[in-house]
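We did not get these values from a lab; they are worked out from the coordinates using the rules stated. What you are looking at is a predicted structure, and each value in this text was computed from that prediction instead of being measured. Here Cβ is always computed from backbone atoms with ideal geometry, including for glycine, and neighbour counts include all displayed protein chains.
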Amino acid sequence: MIKHLYLFLLVTIPFFTIAQVFKTTSAKIHFFSEAPLENIEAENDKAQSILNTSTGEMGFVVTIRGFKFEKPLMEEHFNENYMESEKYKTGKFYGKLNEEIDFTKDGKHEASVTGKLTIHGVEQERTLHGTLEIKGSTIILDSKFIVALKDHKIKIPKVVVQNIAEEVEVTVHAEYATKE
């Protein structure tokens, strides 16, 4: 019996030491909207994310009120009129990597993750593309994708339709460290 237990531990311990959970509380999410009258952009550098290298699962949570704009009036309109951030406090993404990546070796990998993006209380199935760069005990994620406002029931009043684009470009940058 002890011989079998020893063999089991010998075989499984390497898997437990390789499988790690990485996290960040300072992921940057930037969005840009190009419209005929005025470009709109904002950034939040306090998004939280977790990446499980053994399962390939990852998740992001960002506080909507955490987005900072160049103009305070834009920030106010964003929170009150469009995102309704008192009602819909966070944006979320939970998904799983589609590729097998060896997280024990340094290098840069093209990757995609399929999951659910929730913005403005509306959940959408999405496959997002980006790169994962492994540098020792750090993993760096970079991604860029488009979000259509109509997909998340974000309404643009006709009065300001020239000010706001129907699609927003979202850029994500996260640097993960091992979770302690």
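Between Thr131 and Lys108, residue separation times 0.36 nm minus the direct Cα-Cα distance comes to 7.6 nm. When each of the peptides 35-46, 55-66 is scored by how many other beta carbons lie within 10 Å of its residues on average, the order from highest to lowest is 55-66, 35-46. Extension gain for the segment Glu169 to Glu123, taken as residue separation times 0.36 nm less the Cα-Cα distance, is 14.8 nm to one decimal.
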